[in-house]
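Notes follow once the structure below has been shown.
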Amino acid sequence: MAVVSLTMGAAGCNDGASPSAEPAGSSRSARDSTAPDAPVAPGEPAPAGSATPSASAATSAPAAGSGPGRCTTEALTMSLRQGDAGAGQIHYRLTLVNKSSHSCTLAGFPGVSLIRRDGSMIGEPAEREGAAGRVTVIGAKDSAEVTLHTLNRGIKGSECWERPDYLRVYPPGSRQALTLRTSQPLICGDLFRTTAVSG
C-alpha cells in the first residue's frame with residue numbers, strides 16, 4: 001500500500017485556496033460518536049463551512065500519453081489512527097486513499113484543522129513539519145500518508161485544546177476539503193504539525 005504524506009502546508013495548498021489546516025479522518029464522512037474516525041456518510045450534512053466537492057471534476061482518467069494528474073478531492077478518501085507515542089510525543093497517521101480507477105499524484109503539505117460541529121475552527125491550523133518531499137504517485141486503490149504531530153498532556157503546560165467533532169483536510173493543491181467525523185487528534189502543548197504527503 002503506497003503511503004503518502006500531504007505536503008501543501010497548514011494553509012491547505014500553496015495556491016492560496018483554503019484555510020491552513022483541515023481535520024483528518026475518513027474523507028467526507030461523518031458518523032456517530034461511537035465511530036470516531038468514520039467518514040461523513042453520504043446523506044449526512046457536512047459541518048458548516050465545509051466545501052462540498054462536485055461529483056464530476058477531474059476524476060476521469062488522464063489523456064493517453066500524459067502522466068498522472070493531481071489527486072482531486074473527489075478521488076480521495078481518508079482515515080486517521082493514532083501511532084506510536086514516545087518521549088512525550090504523539091503521532092497520528094492520516095492515510096489518504098485513491099479510490100479512483102487510475103493513478104494520481106500529491107506533492108507538498110495538506111491543510112489540516114480541527115472543526116467544531118458548528119463549523120468553527122479549534123485553535124490554529126497545523127503547521128508544517130519537515131521537508132516538502134517529492135511528488136508521490138498513488139496508484140488506483142493505493143494510499144499515501146501524512147503524520148500529525150502533537151504532545152502528551154502535561155509535557156508543555158497543562159492545557160489541551162478541546163476535542164474536535166471533525167477533522168478537515170485540504171489535499172495539497174486542492175480548494176475543496178475532505179472531512180472526517182472524529183474526536184482525534186487531542187492537541188496538547190499548543191503543538192499541532194503536519195508532515196508532507198509521502199508514499
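The values are calculated or read from the model by the stated rules, or taken from the named source; none is laboratory data. In this text, all values refer to a predicted model and were calculated from it rather than measured experimentally. In this analysis, Cβ positions are derived from the backbone assuming ideal geometry, glycine residues included, and neighbour counts consider all displayed protein chains. Side chains are part of the model used for accessible areas, which takes the heavy atoms of the whole protein and leaves out ligands, DNA and RNA. Shrake-Rupley method; radii C 1.70, N 1.55, O 1.52, S 1.80 Å.
Which order do you get for 149, 91 if you rank them by accessible area with a 1.4 Å probe, largest at the top?
My answer, sorted largest first, is 91, 149.
Residue 187: net charge of surrounding residues, Cβ under 12 Å, Lys/Arg +1, Asp/Glu -1, itself excluded?
Within the 12 Å Cβ shell, the charges total -1.
By the scheme Lys and Arg +1, Asp and Glu -1, what is the net charge of all other residues having a beta-carbon under 13 Å from that of residue 85?
It works out to a net charge of +2.
Just add up the charged neighbours of residue 164: K/R +1, D/E -1, any other residue whose Cβ is under 10 Å from the Cβ of residue 164.
On the way: positive: 116, 117, 163, 168, 181; negative: 162, 165.
Local net charge: +3.
Leaving ligands, DNA and RNA out of it, report the carbon-plus-sulfur percent of the accessible area of the stretch 89-199 at a 1.4 Å probe.
Taking all protein chains in place, the stretch 89-199 shows 45 percent carbon and sulfur surface.
Please list 167, 191 in order of solvent-accessible area, largest first, computed with a 1.4 Å probe with all protein chains present.
Descending accessible area places them as 191, 167.
May I ask you to compute the full-extension gain from residue 134 to residue 102, defined as 0.36 nm times their residue separation minus their alpha-carbon distance, rounded to one decimal in nm?
9.6 nm
Skip the ligands, DNA and RNA, and give the accessible area per residue of the stretch 118-196 with a 1.4 Å probe, whole Å². Intermediate results must be reported in sequence, preceding the final value.
Values: 3510 Å² over 79 residues.
I get 44 Å² per residue for the stretch 118-196.
Using amide H atoms built 1.01 Å from N in the peptide plane, name the residues 5+ places from residue 128, or on other chains, whose amide H lies under 5 Å from its own.
Long-range HN contacts for residue 128: 10, 194.
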